[in-house]
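Written below as structure tokens is the structure these notes are about.
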Amino acid sequence: MSVNVGFIGLGIMGKPMALNLIKGGYPLWVYGRRVESMAPLAAAGARVCASPEEAARAADITFIMVSDTREVEQVILGPNGVLAGARPGAAVVVMSTVSPEFARTLADKLSAQGIEMLDAPVSGGEPEAASGALTIMAGGKPEVFERVKPILETLGKNIVHVGPGGTGQLAKACNQIVVTLALEGVAEAFAFARKNGVNPLRVRDALLGGFAGSTVLEVQGKRMLERDFRPGFKARLHQEELRLILETAHRVGFALPGSALAAQHMNALGGSGEGELDSSALVQVIERLNESK
Amino acid sequence: MLPNVGFIGLGVMGRPMALNLIKGGYRLRVYGRRKEAMAPLVEAGAVACGSPEEAARECDVIFTMVTTTRDVQEVVLGERGVIAGARPGAIVIDMGTISPTATRAIAARLAEAGIEALDAPVSGGGIGAISGTLSIMVGGKPEIFERVRPLFACMGKKIVHVGPNGAGQVAKACNQVVMLATLQGLAEAFTFARKTGLDSQRVYESLSGGAAQCRILEVLGKRMVERNYAPGIEARLHYKDIQIVLDEAHTLGMALPGTALVTQMFNALIGRGGGNEDSSQLVEVVEAMSKPLQ
């Protein structure tokens, strides 16, 4: 029996993910806030909906891939939201990055209406979304995870069930801590090399083979060298994710000194009018910090 | 004739401040969430009220001294709040440390009701409140500030009009940035001294004469030396203030790297259960980083 799938949020990440679901043979109902964002999906065979409610009504499983907590709240709990359309027994998979606490609260609200939820944030950018090679970290009941897993396999390669509701988001927070500090490290290293008259391109080549080799060095490092800051992952979203992580740290009373410092650099990037750039533009903050008089 | 004064919030800071106003000759209407908080004020001649609304009624000037942004919103704008009792032309002065953004919004709401507002957060702690030597940083219209200056003079020594509504809170945020970074410096210095076998009392004395001499060293540095963490200033209150600063930094898009780091040290301090003790125990957190887990 085929599973009907809803997909809400057709931005940089959502669009290629939804296309992969169509390629995987799933009948798809889509909703995007901007009408024009739905056109390429319609062309590929998806049915266009006028609201999240409408998409959820048709679907056994509805995926959410919008930018932030406020939007997730709106498309699920707001007027004409998923909650209004989804039937008992349906599942909602939140792939946006939100706080673990918010994910748990949301799961409770949906569960009260007999709707299952999985929090399943992703790691990887647009290229991974397009090639179906995302990393997916899921939190929720094991049986719900098993039910959704075949669909997730059309979106990602490394798919891990981390634990109960909210734990997918906590794993994503850990992922972001590592990525952020790697980004900070690469930015500092390249700015340092350049200031000292060393070609950072060569430095990157050398580093890729050793202990400092990483996806961040490879992908974001390349952007830094080419000054290609078209997003990618926008700095203002990175800033917002760090705020969520630091909020959790504040709430539980846990020190994340490195992340806190990087968050300040991300603040400076946003305040310099560079929030819409790829977050690898962080290197410019380090450069400005070290500008000559 | 002296203005009638309302005072809401009678905690560690509010109680001595209200008492100093009574000493200054002002007639006070007071409200505190806990009934027993009002007893010492009543004994000194104040009228106890059943709500912020009641305390504000017939008053020319109403002070609030409660803990969080949400507390201020509640006692000023909430049901049975100051706004329900205060008459047009009255002046509401918030002396707590809260968000500058929220402060501006509260002032705007009061203005719609014809009520004037000042933000006037203080520095100086419980000791300064008792001795009437607080530093008071004021935001609001200059002519309103001038009208209430004599009341401020009962509670503080250094009284500065910083700018329009919210400016007092921004100045207080700056005060906290300096204070907490200094505190971190002291915690590191004493850890360093002890690690190399020095007597921290001697180090304390030697620093007291030089360029590192400051009030934080004098008061909180001493507590670090004595490992006496009875508050003083409860760490959870600094923890609240510092979060206000970082929220503003996030909104404005501004890097405050030092403050961010100290905040994380405070996270650890709260996490180890020290929220109700003095902030000077930051030195224990710094020390713990360089010694093996028990």
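Key figures
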read-out: Mean projection area, nm², convex hull over Cα of region B:15-139; value: 7.0
read-out: Bridge type composition, the protein assembly as shown - antiparallel percent by DSSP, nearest 5; value: 15
read-out: Sites matching trypsin sites (Lys or Arg not before Pro) across region B:204-254 that sit in DSSP coil, with at most 13 neighbouring C-beta atoms within 10 Å; value: B:Arg227
read-out: Hull-based mean projected area of region B:170-289, where the convex hull spans the alpha carbons, in square nanometres; value: 7.4
read-out: Separation in nanometres of the label points that stand 7 Å from Cα toward Cβ, at B:Arg34 and A:Asp68; value: 3.9
read-out: FRET efficiency for A:Val178 and A:Glu153, using Cβ-Cβ distance with R0 set to 35 Å, rounded to 0.05; value: 0.90
read-out: Among A:Gly166, B:Val47, B:Gly273 - extreme Cα towards positive end, dipole of the protein assembly as shown, charges at beta-carbon; value: B:Val47
read-out: Simple Cβ-charge dipole of region B:170-289, Lys/Arg +1 and Asp/Glu -1, about Cα centre, in debye nearest 20; value: 100
read-out: Two-decimal log10 I(q)/I(0) for chain B, as the Debye equation yields it once each C-alpha is a single scatterer, q = 0.12 Å⁻¹; value: -0.78
read-out: Total charge dipole magnitude, chain B, about the Cα centre, Cβ charges on Lys, Arg, Asp, Glu only, Debye to nearest 20; value: 320
read-out: Flagged links, alpha-carbon separation over 21 Å, of A:Lys234/A:Lys293; A:Lys149/A:Lys234; A:Lys195/A:Lys293; A:Lys195/A:Lys234; A:Lys23/A:Lys222; B:Lys23/B:Lys240; value: A:Lys234/A:Lys293; A:Lys149/A:Lys234; A:Lys195/A:Lys234; A:Lys23/A:Lys222; B:Lys23/B:Lys240
read-out: Kirkwood hydrodynamic radius of region A:155-283, from inverse mean 1/r over distinct Cα pairs, in Å; value: 15.7
read-out: Helix A:14-23 vs. chain A, principal-axis angle (Cα, 0 to 90°, nearest 10); value: 50
read-out: Around B:Gly124: net Lys/Arg minus Asp/Glu count, Cβ-Cβ under 13 Å; value: +3
read-out: Which of B:Ser290, A:Ser51 has the fewest Cβ neighbours within 10 Å, and the rest in rising order; value: B:Ser290, A:Ser51
read-out: Assigned charges on the beta-carbon of Lys, Arg, Asp, Glu; the protein assembly as shown dipole about Cα centre (debye); value: 520
read-out: Inter-probe distance in nm under a simple model that places probes 7 Å from Cα toward Cβ, at A:Ala130 and B:Arg194; value: 5.7
read-out: Extreme residue, positive dipole direction of region A:96-236, given options A:Gly124, A:Val186, A:Val216 (C-beta unit charges); value: A:Val186
read-out: Reduced Cα scattering model of region A:64-180, Debye log10 I(q)/I(0), q = 0.17, 0.19, 0.21 Å⁻¹; value: -0.78, -0.98, -1.19
read-out: Distance cut-off 37 Å, percentage of C-alpha pairs in the protein assembly as shown lying past it; value: 48
read-out: Cα convex hull volume per residue for chain A (Å³); value: 138
read-out: Value of relative contact order over region B:170-289, rounded to a whole percent, pairs C-alpha under 8 Å and six or more apart; value: 38
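Laboratory data are not the source of any read-out in this text; all were calculated from the coordinates shown. Worth saying up front: this structure is predicted, and the values here are computed from it rather than measured. Ideal geometry is used to build each Cβ from the backbone, glycine not excepted, and the neighbour counts take in all protein chains shown.
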